[in-house]
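Peer 1: Got a structure for you, questions after.
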Amino acid sequence: MNPIEQLCADETGKAVVLQGNIAFAVGCVRSGIHAADGYPGTPSTEVIDKGLSLVQDKIGVGWSVNEAVAAATGLGRTLAGDDCVVTMKIPGLYQAADIFTSGAFYQQKRGALVYYVASDFTPSSTQHLVDPRYMIRSCFLPIFEPRNHQEMHEAAEIAADISRAHNTPVVVLACGTLCHSEGLVRLSPHKTRERVELDGPIKSFMTLPGAARVNYERTVTERMPALERMVEESPLNHWHKGSGKLGVITYGATELFVREVRDALGVDMDILSLAFTNPLPVKLIREFCAAIKGDVHVIEDGYRFVQEELERLGLTVVGKQPTDVTTEWSPALIAAKLGLDASKPVAVPAGINRPPMICAGCPYRLFGEIVGKMRTSGKLDVSFGDIGCNTLLYFMNAIDTGLAMGASEAKRAGYVLSRPEQAAKCISVLGDGTECHSGLDSTRNTLFRHVPGIKVILDNHWTAMTGGQPGPTSPVNLAGQPNVFDLEKTLEAHGAKVVTVSGYDRKAIRAALKQAQEDAGNGVFTTLVVRGTCIRKVPKAKYGQQLRVNADLCKRCGMCQICPGIQADAEGLPSFTNLCSGCVGETPACLQMCPTKAIEIVPENEKAAAARVQLPAAPEEIPAPDMASVDLPKRLAVAIRGVGGQGNLFFGRVLTQLAFLAGYGETNVVKGETHGMAQMGGPVISTFSCGEVSSPVLLPGTADCLVSMEMSEVYRPGFVEMLRPGGMVLLATTRVLPPNMDMAAYPTRGDIEKNLSGYRVLFLDVLKEALALGDAAGRCANVVMVGALSTLKPFSDIPAELWLAALKKVSPKPAIWASNYAAFNAGRNLI
């Protein structure tokens, strides 16, 4: 039984710590939702990818090719009587807008339709900050905004019940902070839901103009008044009473931040926490405002949706000015907004510029290198980019623009229609996922309008940026059914000239681009497919290729420095880092770049036999400690920084399980984290707290310990400020240099020691310890750091047996458990 199956089967009321998206997914199954559909988009992806896809015997689930198709599929499910959830991020809602808006006004009885829309108002991995509430309100649809992980778990049932009761789609607008953080959840009751029988002919679901007018009038005059009564009477609205001196109206995850400020700083305030932002409980809000003697603040993410509505109603509230650019709050920002002193900035140097990067060994890398050089040499003027992993080619000077899914070719066509002489001097670039999402529309348009030029499809077979979900170009779909879609044949059937080359063949890519440019000058449109499987999805057998540098042949020219898997020393001699993937058995990119053939593939019979490390036997059972004499801290908090790929998120998962085992589930356990671009080598932070806490985002001055898995990441703005007086900084000596960074620009250990001289700092070579355990990639360095943390106050108050039990709980395979057990003990021995 996999973990999601277990969560769906566990007894009602069992306390667990879950990521928000997983809490929602498990809630779907336990409340009897029949089906789910969607398109991958951070921060919504895990609902299906890591949740519902693992219980397909309990719920009908699948990925559609885009959000509009997913929305229509979901609507079709409801016409069959099923209750259906459709998942997407905010830009996806606008992609689905035609279906969403037209389907909002049906009045007939049918299955429930719930749109799960995940926000990203930071943004971490989203191309705009448009607040969708205005569009949703114009469709007269109710918006439920979960405020904690428990409500995330219950949201599907709440929304589906409203949908059935009022014959309306319902939007669950889930804050990205909740989607990707973890928190305490008590599992909901198991329920079944009978299919709904339509109360009229299916022909009544028609949007002819006359029917549209009737449906609109009934929505405005019947449905909306009923929804207004519902939200006024809802027990989900909460008034946390103070003395009436100060009032705050809030909703969604922002409520957690407000409560963190109130509790941590001892602020006397009344909080009106709204469950619904459309329609609003106007009578309740008026009553609240009348009871407050001082200012009433509106603290909300996005733009000024609730504030503007309250001002329109004539209420006096304090919110954001029209020019205020705050779209997402934190406890520190709220404290400042309320005039409270949370902490003072700490003067440390700025962190190094660390743009997200494509993975070591990615099949896109050689294409990016070639195009970047073509642009530098003047052979190519403009490169129109798209959304996905290909967006990261921007940092290789290989693309200029990025707009929306599938838009790159339409932009190129428009550019060439206005400037025909540029047909051979510009290209469009997108991935296979975005081509199948909406890019094919642009392909058809280009062919229909006879626009010459070059379109490049980088085909890695998966929706890679969001974690490798299946799409039409994948070997199988979510249900495991074999793929029957053929990208090249589809393009050829449209009338395109199609050329396919390997992403690992530098000469072939250069030749294909050169020929395509020549053909574009003669009025031909070429679609160039550059193919290579995402390295995260190739079989493990493809790994293991080793490389070496012949120092005598190497000219120290730096041409090979195009990948995080290789770095040069102070004299310019390259060597391979633990990130090197050997280009997963393909011809390595760095080898093709070397003009002197100094980089070689190590023959199998010459490979240095990895020193086999005899790991200590990992216990099958961890004895339970006697907790009667253990005096646990009332509150624990730690913040962990590093670079995407270092295992920060796993570090946080260990801590959440530890807190739960230690008994903090009786109070609270929360963990926050960043996803999206961070997974591609960008900066990442995880926060953890348990006990008397509310927020997954820490208030400055409240962390007991700061952990930096990469040495320079300790300089990230706001990180040192999190540490409480007397707290500890654990600093790994690991250095991860962005490609082409000058080593001299990287801060030295001496510089860091000087700048953090006012703090207790321990430098630890956790990567060295991991490598000594036979972990060639250093993947268990994070567990070494966990072991080190377990020896320091106040974390050492928790018995070592519980640390091991937590680690075992998140180490699903015997080999992983053996490695992690050894790494944990190595970390304890470091201190």
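Peer 1: If you go through the stretch 240-282 one residue at a time, how many are of a type in the set (Ser, Thr, Tyr) and under 21 Å from LYS293 (Cα atoms)? It would help to see each step written out before you state the result.
Peer 2: Start the filter on the stretch 240-282 by keeping residues that are of a type in the set (Ser, Thr, Tyr), which leaves 243, 250-251, 254, 273, 277.
Narrowing the set further to residues that are under 21 Å from LYS293 (Cα atoms) leaves 243, 250, 273.
Total meeting the criteria: 3.
Peer 1: Next question, about the same structure. Answer yes or no: is there a residue in the stretch 684-704 that is in contact (Cβ under 8 Å) with a residue 40 or more places away in the chain, of a type in the set (Phe, Trp, Tyr), surrounded by 18 or more Cβ atoms within 10 Å (Cβ to Cβ) and within 24 Å of SER796 (Cβ to Cβ). I'd like the intermediate steps shown before the answer.
Peer 2: Initially, the stretch 684-704 is screened for residues in contact (Cβ under 8 Å) with a residue 40 or more places away in the chain, giving 684-704.
With of a type in the set (Phe, Trp, Tyr) added as a condition, the list becomes 688.
Those still in the list that are surrounded by 18 or more Cβ atoms within 10 Å (Cβ to Cβ) too: 688.
Add one more test, that the residue is within 24 Å of SER796 (Cβ to Cβ), and what stays is 688.
Within the stretch 684-704, one or more residues are in contact (Cβ under 8 Å) with a residue 40 or more places away in the chain, of a type in the set (Phe, Trp, Tyr), surrounded by 18 or more Cβ atoms within 10 Å (Cβ to Cβ) and within 24 Å of SER796 (Cβ to Cβ).
Peer 1: Could you tell me whether any residue of the stretch 78-99 is of a type in the set (Ser, Thr, Tyr) and either in contact with a helix residue (DSSP H, G or I) (Cβ under 6 Å, 6 or more places away or on another chain) or open to solvent by less than 40 Å² (accessible area, probe 1.4 Å) (or both)? Steps first, please.
Peer 2: Filtering the stretch 78-99 down to residues of a type in the set (Ser, Thr, Tyr) leaves 78, 87, 94.
Now narrow it down to the ones that are either in contact with a helix residue (DSSP H, G or I) (Cβ under 6 Å, 6 or more places away or on another chain) or open to solvent by less than 40 Å² (accessible area, probe 1.4 Å) (or both): 78, 87.
Yes - at least one qualifying residue is present in the stretch 78-99.
Peer 1: Sort through ALA745, ALA772 and tell me the only one that's open to solvent by 50 Å² or more (accessible area, probe 1.4 Å), under 26 Å from LYS808 (Cα atoms), out of contact with any Ser or Thr (no Cβ under 7 Å at 6 or more places or on another chain) and hydrophobic (A, V, I, L, M, F, W, C). First the steps, then the outcome.
Peer 2: On the way: ALA745 fails: under 26 Å from LYS808 (Cα atoms).
That would be ALA772, the only listed residue that is open to solvent by 50 Å² or more (accessible area, probe 1.4 Å), under 26 Å from LYS808 (Cα atoms), out of contact with any Ser or Thr (no Cβ under 7 Å at 6 or more places or on another chain) and hydrophobic (A, V, I, L, M, F, W, C).
Peer 1: Related question: I'm trying to understand the selection: among the residues of the stretch 19-31, which are more than 20 Å from ALA479 (Cα to Cα) and either out of contact with any helix residue (DSSP H, G or I) (no Cβ under 8 Å at 6 or more places or on another chain) or open to solvent by 10 Å² or more (accessible area, probe 1.4 Å) (or both)?
Peer 2: So the first thing to find is which residues in the stretch 19-31 are more than 20 Å from ALA479 (Cα to Cα), and the list is 19-21, 23-24, 27, 30-31.
Matches in the stretch 19-31: GLN19 only.
Peer 1: With a cut-off of at least 1 residues that are of a type in the set (D, E, K, R), name the strands (runs of 3 or more DSSP E) lying wholly within the stretch 227-288.
Peer 2: Numbers: elements: 238-240, 247-251, 270-274, 276-278.
Filter on the stretch 227-288 gives 270-274.
Yes/no matrix, rows are residues, columns are (1) in a helix (DSSP H, G or I); (2) in contact (Cβ under 8 Å) with a residue 60 or more places away in the chain:
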| residue | (1), (2) |
| --- | --- |
| ALA493 | yes, no |
| ALA508 | yes, no |
| ALA541 | yes, no |
| LEU553 | no, no |
| PRO564 | no, yes |
| CYS580 | no, yes |
| PRO595 | no, no |
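A quick yes/no check of all residues on (1) in contact with a helix residue (DSSP H, G or I) (Cβ under 7 Å, 6 or more places away or on another chain); (2) aromatic (Phe, Trp, Tyr); (3) not in a strand (DSSP E or B):
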position	(1), (2), (3)
LYS293	no, no, yes
VAL298	yes, no, no
ASP301	yes, no, yes
GLN321	no, no, yes
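Peer 1: Follow-up question, since we're still on this one. Can you tell me how many residues in the stretch 582-593 are open to solvent by less than 30 Å² (accessible area, probe 1.4 Å) and either among the hydroxyl-bearing types (Ser, Thr, Tyr) or not in a helix (DSSP H, G or I) (or both)? Show your work before the answer.
Peer 2: Our first condition is that a residue be open to solvent by less than 30 Å² (accessible area, probe 1.4 Å); within the stretch 582-593, this holds for 582-584, 588-590, 593.
Within this subset, residues satisfying the condition of being either among the hydroxyl-bearing types (Ser, Thr, Tyr) or not in a helix (DSSP H, G or I) (or both) are 588.
Count: 1.
Peer 1: With the condition kept exactly as written, say whether any residue in the stretch 443-458 is crowded, with 21+ Cβ neighbours inside 10 Å and either touching a Gly at 6+ places or on another chain (Cβ under 6 Å) or acidic (Asp, Glu) (or both). Write out each step before concluding.
Peer 2: First, pick out the residues of the stretch 443-458 that are crowded, with 21+ Cβ neighbours inside 10 Å: 443, 446, 451, 453-458.
Still in the list and also either touching a Gly at 6+ places or on another chain (Cβ under 6 Å) or acidic (Asp, Glu) (or both): 458.
Yes: one or more hits.
Peer 1: Can you tell me which residue in the stretch 183-197 is farthest from ASP161 (Cα to Cα), limited to those that are open to solvent by 90 Å² or more (accessible area, probe 1.4 Å) and under 35 Å from the mean Cα position of the chain (by Cα)?
Peer 2: Of all residues in the stretch 183-197, those open to solvent by 90 Å² or more (accessible area, probe 1.4 Å) come to 186, 190-192, 194-195, 197.
Next cut, under 35 Å from the mean Cα position of the chain (by Cα) only: 186, 190-192, 194-195.
Working: ARG186: 20, HIS190: 15, LYS191: 12, THR192: 12, GLU194: 12, ARG195: 13 Å.
Per the criteria, the residue is ARG186.
Peer 1: What are the residues in the stretch 198-226 that are assigned to a loop (DSSP other than H, G, I, E, B) and either among the polar types (S, T, N, Q) or surrounded by 13 or more Cβ atoms within 10 Å (Cβ to Cβ) (or both), if any? So that I can check it myself, show each step before the final result.
Peer 2: Of the residues in the stretch 198-226, the ones assigned to a loop (DSSP other than H, G, I, E, B) are 198-201, 205-208.
Within the stretch 198-226, LEU198, PHE205, THR207 meet the criteria.
Peer 1: For LEU762, indicate whether it is open to solvent by 40 Å² or more (accessible area, probe 1.4 Å) and either more than 25 Å from LEU658 (Cβ to Cβ) or not aromatic (Phe, Trp, Tyr) (or both).
Peer 2: Values: open to solvent by 40 Å² or more (accessible area, probe 1.4 Å): yes; either more than 25 Å from LEU658 (Cβ to Cβ) or not aromatic (Phe, Trp, Tyr) (or both): yes.
It is true that LEU762 is open to solvent by 40 Å² or more (accessible area, probe 1.4 Å) and either more than 25 Å from LEU658 (Cβ to Cβ) or not aromatic (Phe, Trp, Tyr) (or both).
Peer 1: A further question follows. Among the residues of the stretch 693-734, which ones are outside any loop (DSSP other than H, G, I, E, B) and of a type in the set (S, T, N, Q)?
Peer 2: Applying the first criterion (outside any loop (DSSP other than H, G, I, E, B)) to the stretch 693-734 yields 703-708, 711-715, 720-732.
SER708, SER712, listed by residue number.
Peer 1: Show the residue pairs that are 6+ apart or on different chains and have beta-carbon atoms under 9 Å apart, the first residue being within the stretch 358-387 and open to solvent by 20 Å² or more (accessible area, probe 1.4 Å), the second being among the small types (Gly, Ala, Ser) and part of a strand (DSSP E or B).
Peer 2: Taking only residues 6 or more apart or on different chains, the pairs are MET374/SER383; ARG375/SER383; ILE387/GLY431.
Peer 1: Can you run down the residue pairs with Cβ atoms below 9 Å, 6 or more apart or on separate chains, where the first is in the stretch 175-199 and more than 29 Å from LYS89 (Cβ to Cβ) and at pLDDT 95 or above and the partner is open to solvent by 50 Å² or more (accessible area, probe 1.4 Å) and not in a loop (DSSP other than H, G, I, E, B)?
Peer 2: HIS190/ALA9
The values are calculated or read from the model by the stated rules, or taken from the named source; none is laboratory data. Model, not experiment: these values are computed from the prediction. When we count neighbours, we look across all protein chains shown, and the Cβ atoms used for this are built from the backbone with ideal geometry, even at glycine. Please note that ligands, DNA and RNA were not included when accessible areas were found on the heavy atoms of the full protein model with its side chains. Shrake-Rupley method; radii C 1.70, N 1.55, O 1.52, S 1.80 Å.
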